[in-house]
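Trainee: Quick one: the structure is below, questions incoming.
Rule-based calculations on the coordinates, nothing more; no lab input. In this text the structure is predicted, and so the values were computed from the model without any measurement. Please note: Cβ atoms are built from the backbone with ideal geometry, for glycine as well, and neighbour counts cover all protein chains shown.
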């Protein structure tokens, strides 16, 4: 997406976090979550935190 000049949005990050949760990729999921907040200024809502809980479970 970034190569084509398209910035990721909240739906993109929700998909990434869900995929990381299903695949058991906790470190990568946390990296995406932190980037979502600090780089792209997307405010995490309930569904993003639910994905984090799933990742740890």
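Trainee: Does anyone have the angle between helix 10-23 and the longest principal axis of the chain? Alpha-carbon axes, 0 to 90°, nearest 10?
Mentor: 40
Trainee: Suppose each label sits 7 Å from its Cα in the direction of the beta carbon; what would the residue 3-residue 19 distance come out to in nanometres?
Mentor: Result: 1.4 nm between the two label points.
Trainee: Further question: In region 10-56, how does Rg compare with the Kirkwood Rh, expressed as the Rg/Rh ratio over alpha carbon atoms?
Mentor: Details: Rg = 9.3 Å, Rh = 10.1 Å.
The Rg/Rh ratio comes out at 0.91.
Trainee: How far, in degrees from 0 to 90, does helix 26-38 lean away from the longest principal axis of the Cα atoms of the chain, to the nearest 10?
Mentor: Roughly 40 degrees between the two axes.
Trainee: Taking the Cβ of each residue in 26, 11 as the centre, tally the other Cβ atoms inside 10 Å and list the residues starting with the fewest.
Mentor: Working: 26 13, 11 8.
Final ranking by Cβ density, sparse to dense: 11, 26.
Trainee: Full extension from residue 53 to residue 34: what is 0.36 nm times the residue separation minus their Cα-Cα distance, to one decimal in nm? Present the calculation step by step, with values, prior to reporting the outcome.
Mentor: Working: separation 19, 0.36 × 19 = 6.84 nm, distance 1.48 nm.
Stretched fully, the residue 53-residue 34 segment lengthens by 5.4 nm.
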